Amino acid sequence: MHTINLTESFDGDFVRKIECESEQNVSLCYQCGNCTAGCPYTFAYDIPVSQVMRLLQAGQKRTLLSCKSLWLCATCESCTTRCPNNIDVARIMDVLRHEARRQGYGSERSVKVFWDTFLDSVKRHGRVFEMGLAVEYIARTGRFWTDLELGPAMLSKGKLAFKPHSIQGQAEVEKIFERFQQQKEQCA
Amino acid sequence: MSSSPTYAYYPGCSGQGTSLEYETSSRAVCEALGVVLHDIPDWSCCGSTPAHTVDHVLSAALSARNLAQAETLTGVEGIATPCPSCLTNLKTAGRRMLDPQFKERVNSLLDTPVKQPLPAKSVLQVLFEDVGPAALKERVVKPLAGLKVAPYYGCILNRPPEVMEFDDCENPIAMDRLLEALGAEVVPFPLKVECCGASFGMPRKDMVMRLSGKLLDVAEDNGAMAMATACPLCQMNLDLRQSQINATSGKQHNMPVFYYTQLIGLALGLDKRLLGLNKLCVNPKAALQAAEQATAGAA
Amino acid sequence: MKIGVFICHCGSNIAGTVDVAKVAEEVGKLPDVAYSTDTMYACSEPGQEGIIQAIKDHNLDGVVVASCTPRMHEPTFRRTVERAGLNRYMFEMANIREHVSWIGKDKESNTQKAVDLASIAVAKLTQDRPLIAKKFGVNKRVMVIGGGVAGIQAALDCADGGLEVVLVEKTATIGGKMAKLDKTFPTVDCSSCILGPKMVDVAQHPNITLYANAEVDSVKGYVGNFEVAVKKKATYVDWTACTGCGLCTEKCPSKKATDYFNEKIATTTAISIAFPQAIPKKASIDPEYCIKITKDKCGVCEKLCPTKAIRYDMQDETVIEPVGAIIAATGYDLFDYTRYGEYGGGRYPDVITSLQYERILSASGPMAGHIKRPSDGKEPKNVVFVQCVGSRDKSVDRPYCSGFCCMYTAKQAIQTKDHLPDSQTYVFYMDIRAPGKMYDEFTRRAMEEYGARYIRGRVAMIYPKGDKYIVRGADTLAGTQVEVEADLVVLAVGAEAAKGASNLAEKLRISYDKYGFYMESHVKLRPVETNTAGVFLAGSCQGPKDIPSSVAQGSAAASKVLGLFSKDELESDPQVASVDIKRCVGCGKCIETCPFGAIEETDFRGEPKANVIETVCQGCGVCTSTCPQGAIQLQHFTDNQILAEVNALCQQPLVTSFE
Ligand code: SF4
Ligand code: SF4
């Protein structure tokens, strides 16, 4: 453990940006730990969610953006539902992820690749093509063993379509992504 | 009922593949119970979880395209969808677009802007509120007596309550009441709203193994012969991955995991092909037979 | 007229952002001002002496002090001018602290505003007339509403001081929450051993009339002369005949009645005596469960009662009690923890409230002091306490700290170990609040000597697993999620305003905060007074309080009443409405509009006229704005006085730009 110099390392711009984007006031958190207590993923997190809140109060940008927890949060809304101070904690987790992406972090590569592949599939077909998603994900990560054993079951049940269900509006969907790339950040 | 409840219907992508049986059984049940569904023309993916992890405007825009498409339909009172993840995205988009600035940003990504977002509901909410357990009970031809079932709602169907605005966020009961109306025995299931591991199956299988494994353990501890779900992802984690869970934990779960619509369809005596029981990985036959025998024995 | 003006520095409170010398100089230029100066602390001894000296030296007719809020010091300065021989209403106060220096930083505009406010006060003073208070007699009886420990203390202190006391208690017995407790912190002494004798004192005190099972219906009148209607709810037992022998309760066949005294962890008989030490020790019938009353069968108790006290046809009865002062001591209620769905919302039998646990611990409780689980009667091994259930939680609209839960939880953890040496306790807490005498040492003892495992973090969920419960919380100090397998979970439920508190407040015409707790007159300096003269507060009705503080407040309220009653006559406030007979046309509009019924119609040489009952008038001024003739005027706030103020302000050149 290292000593955090609270005066020097406090990144006020970062805190303000996260507060602006999430429309939450991080000072409301009194560190009761209820979010961590309820979070089903605490066991997998490197920083439990209440400490994410704490480090956010302390303006510890780098520690936060590089932490794995951001990528392991399932947005299950347990923390948001139970926070005694009505903080939308899950939204803060989401917004931290947004910022982490922008700044080039992605500490759980497999998760990030999975999500990216998913969105590429949406962009390409207008709807998710599950089979294509799986193949592409495996290709990108090189994890060839992923769910290999489930293949036969899926196929025999006729649950995996071999062709994408493309839609007429595919170009419209693609444009959503393109225009989004052009759009200026709201809380920059 | 004077006029049939009529909704714009948003099936969601998994309904075309991994949750085909949820899709067909939802439609069949709605039709049988007089709920009219008009498909949203040329609907597209809502972006699910991955989209909102990238940006909230992007996520809202992917849902908003469907809100705009739904506005082309007439005579619908809202949007109905079977999938909780789609529902969350539709509701969140609609809610955040109450803010004119946000709406503006979302609409600027779309070819056709949204005028006035339609309210969205889960098919479960529609069946519970527009049909209701009492009316459902009257339509039952083949009661599920003896079937001990754990109702599992998943983490986001009712949470956060400010957004989802349906049922209790800690102890929802809508599915319980519907299943009871079918004659099934609903066992206490304290983890009704606990997360199953969501979409981490591929990238972080270990997390799903642990969380879904716990759900199966608790269902079994409470005497369930089967589970009922309302979410494609939950169902997949609990059913398709049950063999993986057993392999990881060394347990011997053999717990059929139904969509609650399949159970309604069974009790209403609907066409088996529409219910897609053969699509379940854990074969439900034994559980259904055991239930039948239990009641036969009692009679 | 010769007016003296004193501009107060209030140390740097005012002088920091107001040029007080300049204000004194400017106001000194006004026509009627004969003397104007600034002063360091107008309220201090030298400050007041300065005012008196100036009145004498300059032969002043009236004084303006520009300083702080009149709430605090108007009475002070009125006494000052009175000491110098002036009428106390020849005094005006301008608030240049709360209204100027504390809210603005710009010295120049602050100074200008202070000049304006002081000038307004001067203008008003030129129109002031001496007013003389009238005297009226005092009824030296006091009513105490609420028979918990605070009310008991107040009643006993008043009664010992020679006053006649009427004690009104809502339930069938006095004792309140304290009577339900097994032990008290930080001494772990037996609650009923210390409260019991006081309850007996109440019963036996010749000066105390006790109405149990009674409620205040309406309150009329004013300080010194209230009339309170008390509704005695039907008990279906004639208490003058009942000896409390308890024969009826032994034989009553209806045994499923709700046992409120035992916090519903047990049931009781339809005819019952709350608990063995109940005061009054009288039986009463719960009509909901009485077979005779509901179905016209049974009648066992009537047959058995040796004194023939049973009255199935008893009705509620209202008595009027004239009193001169009222002490509200209505206590608190517990937060309804079933609002926490994540703790089972009331579905789990072994997840109980702290007060239910007290009844379990109590030797006179339904389990005779053996700790057993409500569900199966088994002795628990792991007992988990969850603090802050309904306290410091904005999401359930209870942002405040209930103040005593940390302490009683530590006590219950200690008692658990005492009762069950093999048990292990866990306490989930957010912060430990133990600022009283010997309090922190007490919580340390729970940890150090009794091995209670304190875990800093909230609990997110409780759910059953087999015959145990999983309590899932956080240990924020270890930075992790934790789970405990509990046999019994005790929720330290917070305190909230007693049900019906706001209703009673409206009858008493006192204010309450947004949570329903009664508002004291001054947070620090008038803690047991209210803004309604003659109505005092004691105990948790004003905010959550532990026993020592409640008792202290009970005594404090009693001393206030004794002080009030030390005079045979009280002075009425002369700032009341008064009718100009010549102008009054007898239309009666003011009579209709007065919210206090303070105006009556009289006959003046054959013509109807309005007449103000001065002791009833509260000086609200509604009538003065209703009267089409301007015939009814509020003394010290007459139309002329108010217009003088307006004129003073509007004659100023309008230099301000309205930005
Ligand atoms: S639950 Fe809310 S207040 Fe408590 S630690 Fe988490 S964010 Fe902070
Ligand atoms: S939303 Fe994320 S951080 Fe919050 S409880 Fe769920 S997984 Fe944990």
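Could you tell me which Cys residues in chain A have no other cysteine's Cβ under 4.7 Å from their own Cβ, answering none if every one has a partner?
Lacking a cysteine Cβ partner under 4.7 Å: A:29, A:32, A:39, A:67, A:73, A:83.
Taking the simple approach of a point 7 Å from Cα along Cα-to-Cβ for both residue C:229 and residue C:267, what is their distance in nm?
3.8 nm
Within segment A:110-137, find all residues whose amide N lies under 19 Å from a label point positioned 7 Å from the Cα of residue A:145 along Cα-to-beta-carbon.
A:110-111, A:135, A:137
Could you tally up the Lys pairs in chain A with alpha carbons closer than 16 Å? Skip any pair fewer than 8 positions apart unless they're on separate chains.
Number of lysine pairs found: 6.
Calculate, for residue C:32 and residue A:11, the FRET efficiency according to 1/(1 + (r/R0)^6) with r their C-beta to C-beta distance and R0 45 Å; round to the nearest 0.05.
0.10
Let me check against my output: what whole-number percent is the relative contact order of chain C, with C-alpha pairs under 8 Å and at least 6 apart?
It rounds to 13 percent for chain C.
Can you compute log10 of I(q)/I(0) for segment C:375-505 with the Debye formula, treating each Cα as one identical point scatterer, at q = 0.12, 0.13 Å⁻¹?
Scattering profile of segment C:375-505, log10 relative to I(0): -0.49, -0.58.
Along the charge dipole of segment C:235-373, which of C:289, C:352, C:304 sits closest to the positive end, that is, farthest toward it, with unit charges on the beta carbon of Lys, Arg, Asp and Glu (+1, +1, -1, -1)?
Among C:289, C:352, C:304, the one farthest towards the positive end of the dipole of segment C:235-373 is C:304.
At a threshold of 8 angstrom on Cα-Cα distance, excluding pairs fewer than six apart, so keeping six or more, what relative contact order does chain B reach in percent?
Relative contact order for chain B comes out at 20 percent.
Just counting partner chain Cβ atoms within 10 Å, what average do the residues of peptide A:167-178 show around their Cβ?
5
In debye to the nearest 20, how big a dipole does segment A:1-152 give about its Cα centre with +1 on each Lys and Arg Cβ and -1 on each Asp and Glu Cβ?
Charge dipole of segment A:1-152: 200 debye, to the nearest 20.
Rank these for me by crowding, C:145, C:293, going from fewest to most other beta carbons within 10 Å.
C:293, C:145
Taking amide H positions as placed in the peptide plane 1.01 Å from N, state which residues far from residue B:196 in sequence (5 or more) or on other chains have amide H under 5 Å from it.
Under 5 Å from the amide H of residue B:196 lie the amide H atoms of B:155, each far enough along the sequence or on another chain.
Can you figure out the FRET efficiency of residue C:41 with residue A:4, using R₀ = 51 Å and their beta-carbon distance, to the nearest 0.05?
For R0 = 51 Å, the calculated efficiency reads 0.65.
If one puts a single equal scatterer on every Cα of chain B and applies the Debye formula without solvent, what log₁₀ I(q)/I(0) results at q = 0.13 Å⁻¹?
-0.89
Taking 1 over the mean of 1/r across every pair of different Cα atoms in segment C:111-251, what Kirkwood radius in Å do you get?
Roughly 19.1 Å, rounded to one decimal.
Whole angstrom only: what separates the Cα centroid of segment C:370-437 from the Cα centroid of segment A:25-71?
27 Å
How big, in percent, is the set of alpha carbon pairs in segment A:109-178 lying more than 18 Å apart?
Result for the distance tail: 44 percent.
Taking the Cα centroid of segment B:133-198 and of segment C:529-550, what is the distance between the two, rounded to the nearest whole Å?
48 Å
From the backbone phi of segment C:119-124, what are the Karplus-calculated ³J(HN,Hα) couplings (6.51 cos²θ - 1.76 cosθ + 1.60, θ = phi - 60°) in whole Hz, Gly and Pro given as x?
5, 4, 4, 4, 4, 5
How about residue B:137: which lysines have a C-alpha closer than 25 Å to its C-alpha, ignoring those fewer than 8 places off in the same chain?
B:121, B:148, B:192, B:272, B:285
How crowded by other chains is B:31-43, given as the mean number of beta carbons from other chains within 10 Å of each beta carbon?
Per-residue shielding by partner chains comes out at 1.
With each label point set 7 Å from Cα along the Cα-Cβ vector, what nm distance links residue C:444 and residue A:184?
The two pseudo-label positions are separated by 6.0 nm.
Please work out the FRET efficiency for the pair residue C:642 and residue A:107, using the Cβ-Cβ distance as r and a Förster radius of 60 Å; give the result to the nearest 0.05.
It comes out at approximately 0.30.
In segment C:258-275, which residues have a backbone nitrogen under 17 Å from the label point lying 7 Å from residue C:302's Cα in the Cα-to-Cβ direction?
C:270-272
Take the residue pairs C:231/C:256; C:170/C:381; C:255/C:507 and return only those whose Cα atoms are more than 32 Å apart.
Exceeds cut-off: C:170/C:381; C:255/C:507.
I need the semi-axes of the equivalent ellipsoid of the protein assembly as shown: take the C-alpha gyration tensor, multiply each eigenvalue by 5, square-root it, list largest first in whole angstrom.
Working from the Cα gyration tensor, I get semi-axes of 64, 43, 29 Å.
For the residues B:220, A:185, what sequence is obtained by ranking on other C-beta atoms within 10 Å, fewest first?
Placing the least packed residue first, the sequence is A:185, B:220.
Which of B:259, C:332, C:41, C:289 has the fewest other C-beta atoms within 10 Å, and how do the rest follow up to the most?
Ranked by crowding around the Cβ, least crowded first: C:41, C:289, C:332, B:259.
Determine the alpha carbon to alpha carbon distance for each of B:214/C:468; C:251/C:297; C:233/C:292; C:183/C:499 and list only those over 22 Å.
Pairs exceeding the cut-off: C:183/C:499.
Whole-Hz Karplus ³J(HN,Hα) for segment B:196-201, in order, using 6.51 cos²θ - 1.76 cosθ + 1.60 and θ = phi - 60°, x for Gly and Pro?
My calculation for segment B:196-201 gives 8, x, 6, 8, 8, x Hz in order.
What value, in deg cm²/dmol to 500, does the helix sum -39500 (n - 2.57) over DSSP H runs of n ≥ 4 give at 222 nm once divided by the residues of the protein assembly as shown?
-10500 deg cm²/dmol
What are the ³J(HN,Hα) couplings of segment A:24-34, residue after residue, when phi is run through the Karplus curve with 6.51, -1.76, 1.60 and θ = phi - 60°? Round to Hz, x for glycine and proline.
After applying 6.51 cos²θ - 1.76 cosθ + 1.60, I find 10, 9, 6, 5, 5, 6, 10, 6, 6, x, 4 Hz.
Can you list residues whose amide H is under 5 Å from residue C:183's amide H, if they're 5+ apart or on another chain and H is modeled 1.01 Å from N?
Those lying under 5 Å, H to H, from residue C:183 are C:191.
What are the residues whose amide H is under 5 Å from the amide H of residue C:172, where those residues sit 5 or more places off or on another chain and H is modelled from the backbone?
Close amide H contacts, sequence-distant or interchain: C:213.
Can you give me the relative contact order of segment C:577-635 as a percent, contacts being Cα pairs under 8 Å and 6 or more apart?
Result for segment C:577-635 is 46 percent.
Taking the simple approach of a point 7 Å from Cα along Cα-to-Cβ for both residue B:162 and residue C:336, what is their distance in nm?
2.3 nm
Can you tell me the length gained on complete extension of the stretch residue A:155 to residue A:20, counting 0.36 nm per residue apart and subtracting the Cα distance?
That pair, residue A:155 and residue A:20, stretches by 44.0 nm at full extension.
Looking at chain C from every direction and averaging, what is the projected area of its Cα convex hull in nm²?
37.8 nm²
Readers should treat all values here as calculations from the given coordinates under stated rules, not as data from a laboratory. Fair warning: this is a prediction, and the values are worked out from it, not measured in the lab. All Cβ positions, even for glycine, are placed from backbone atoms using ideal geometry, and neighbour counts span all protein chains on display.
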